[in-house]
Amino acid sequence: MPHDHHHHHHHIDPNAGDGRLIGAIAVNMALTVAQVLGGVFSGSLAMIADALHNFSDAISLVIAAVARRIARRPATDQMPFGFARAEVVAALVNYTSLIIIGLYLVMEAVLRFLSPEPVQGWLVVIIAGVALVVDLVTALLTYTMSKDSVNIRAAFLHNVADALGSLAVIFAGTLIILFGWTWIDPAVTLLIAGYILWMAFAEIGGVIRILMLGSPPELAPGEVLDEALRVEGVDGMHKAHLWQIDEHRAALQAHLVVREGAWGQADTIKASVKRRMKDRFGITHVVLELECARHACTTPQEWGGA
């Protein structure tokens, strides 16, 4: 099963979308102020919950924008792989902040259940309606960019959660107007918090995997080894390390055992293995240490090792 999609992302213009990000940050900051004021005057915890999450959207977009700029810097002697992982670190910061916000909202909602307060339903619905429009605009601004960047995707998902939060707040405000059910406010807050936590935990694993030098989830390590063994003159491959440099680039480092009698073609064999790694799996960064079959490592492990 080919995995050649893995290396096509480099055609993306890294400067694309900066204006959209700045616009999204501006409207989210303005909305946060409006929501906090609205939440205070209406007495709605759900609206303050939505404002907090919206503020985290704005901050997540700031982090995403800064990380994008850092990620474009070229490689140096201090940073030989470049700065692309700045976007992965930014995504980790954003998902971690989502988890903290989600847990805080759960705590606040439970306290509000224990000590109910009056809520002004009309004010809640009006401001949440404005918030929903802003959330949808922001989501549209960042949607295209989110497909190719774990960093922007984290910010985009912040925003999707916020749009759903605004819908939930409108729903809660409407029920308060119609029936006077003030308990619906902390109940909706719990739903918002639950969704935020579910989304953050679902996404943070992939980010941690990259930072922990895990193998790309779409590549089967066994298939990578098998592909190398199909090359004529290869007797084995061991002490292999397969990891993600960033979201779009994978790297392979391994000891390649050249069959006895084929040492004269060692360079050709190595070039053939590298070509297969690139063509089938999109692995462009391949470092191979050659060993003659007669003097190869004794009882080597396939993965890991020095």
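For segment 203-227, what are the residues that are assigned to a helix (DSSP H, G or I), surrounded by fewer than 13 Cβ atoms within 10 Å (Cβ to Cβ) and not acidic (D, E)? Across segment 203-227, the qualifying residues are G205, G222. Looking across segment 86-110 at every residue that is open to solvent by 20 Å² or more (accessible area, probe 1.4 Å) and among the small types (G, A, S), the one that is modelled with the lowest pLDDT is identified as S97. Scanning segment 190-202 for residues being surrounded by fewer than 22 Cβ atoms within 10 Å (Cβ to Cβ), touching a helix residue (DSSP H, G or I) at 6+ places or on another chain (Cβ under 7 Å) and over 20 Å from V88 (Cα atoms) gives a total of 3. Would you please name the residue that is least open to solvent (accessible area, probe 1.4 Å), looking only at residues in segment 111-126 that are part of a helix (DSSP H, G or I) and aliphatic (A, V, I, L, M)? That would be V124.
Let's see how each residue does on (1) closer than 20 Å to G121 by Cβ; (2) modelled with pLDDT of 80 or more:
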| position | (1), (2) |
| --- | --- |
| V134 | no, yes |
| N151 | no, no |
| A161 | no, no |
| L167 | yes, yes |
| F171 | yes, yes |
| L175 | yes, yes |
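On inspection, P2 does not qualify as loosely packed, with under 13 Cβ neighbours inside 10 Å and at pLDDT 85 or above.
Farther than 20 Å from P186 by Cβ and open to solvent by less than 10 Å² (accessible area, probe 1.4 Å), is that true of L61? Yes: the conditions hold for L61. Of all residues in segment 268-281, those that are without any contact (Cβ under 8 Å) to a residue 40 or more places away in the chain and either crowded, with 20+ Cβ neighbours inside 10 Å or within 31 Å of the chain's Cα centre (by Cα) (or both) total 3. Selection of segment 171-186 for residues being out of contact with any Lys or Arg (no Cβ under 9 Å at 6 or more places or on another chain) and assigned to a helix (DSSP H, G or I) yields F171, A172, G173, T174, L175, I176, I177, L178, F179, I184. Within segment 234-243, the presence of a residue that is assigned to a helix (DSSP H, G or I) and free of Cβ contacts under 8 Å to residues at least 60 places away in the same chain is excluded. Taking segment 179-189, which residues are in contact (Cβ under 8 Å) with a residue 12 or more places away in the chain and open to solvent by 60 Å² or more (accessible area, probe 1.4 Å)? Within segment 179-189, W183 is the sole residue that qualifies. Each residue in segment 77-101 was checked for being small (G, A, S) and assigned to a loop (DSSP other than H, G, I, E, B), and 2 of them qualify. From the list A161, A168, A155, the lone residue that is open to solvent by less than 70 Å² (accessible area, probe 1.4 Å), part of a helix (DSSP H, G or I) and more than 26 Å from V88 (Cα to Cα) is A168. Against the conditions (1) open to solvent by less than 60 Å² (accessible area, probe 1.4 Å); (2) assigned to a loop (DSSP other than H, G, I, E, B), P74 satisfies every one except (1).
Residues satisfying the criterion are present in segment 138-150 (criterion: out of contact with any Leu (no Cβ under 9 Å at 6 or more places or on another chain), open to solvent by 30 Å² or more (accessible area, probe 1.4 Å), hydroxyl-bearing (S, T, Y) and in contact (Cβ under 8 Å) with a residue 12 or more places away in the chain).
The rows are residues; the columns are (1) open to solvent by less than 50 Å² (accessible area, probe 1.4 Å); (2) at pLDDT 95 or above; (3) touching a His at 6+ places or on another chain (Cβ under 9 Å).
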residue: W263; (1), (2), (3): no, no, no
residue: A266; (1), (2), (3): yes, no, no
residue: I283; (1), (2), (3): yes, no, yes
residue: E289; (1), (2), (3): no, no, yes
residue: P300; (1), (2), (3): no, no, yes
residue: W303; (1), (2), (3): no, no, yes
residue: A306; (1), (2), (3): no, no, no
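The values are calculated or read from the model by the stated rules, or taken from the named source; none is laboratory data. On a predicted model such as this, the values are computed, not experimentally measured, just so you know. Here Cβ is always computed from backbone atoms with ideal geometry, including for glycine, and neighbour counts include all displayed protein chains. To get the accessible areas, we keep the full protein, side chains included, count just its heavy atoms, and leave off ligands, DNA and RNA. Shrake-Rupley method; radii C 1.70, N 1.55, O 1.52, S 1.80 Å.
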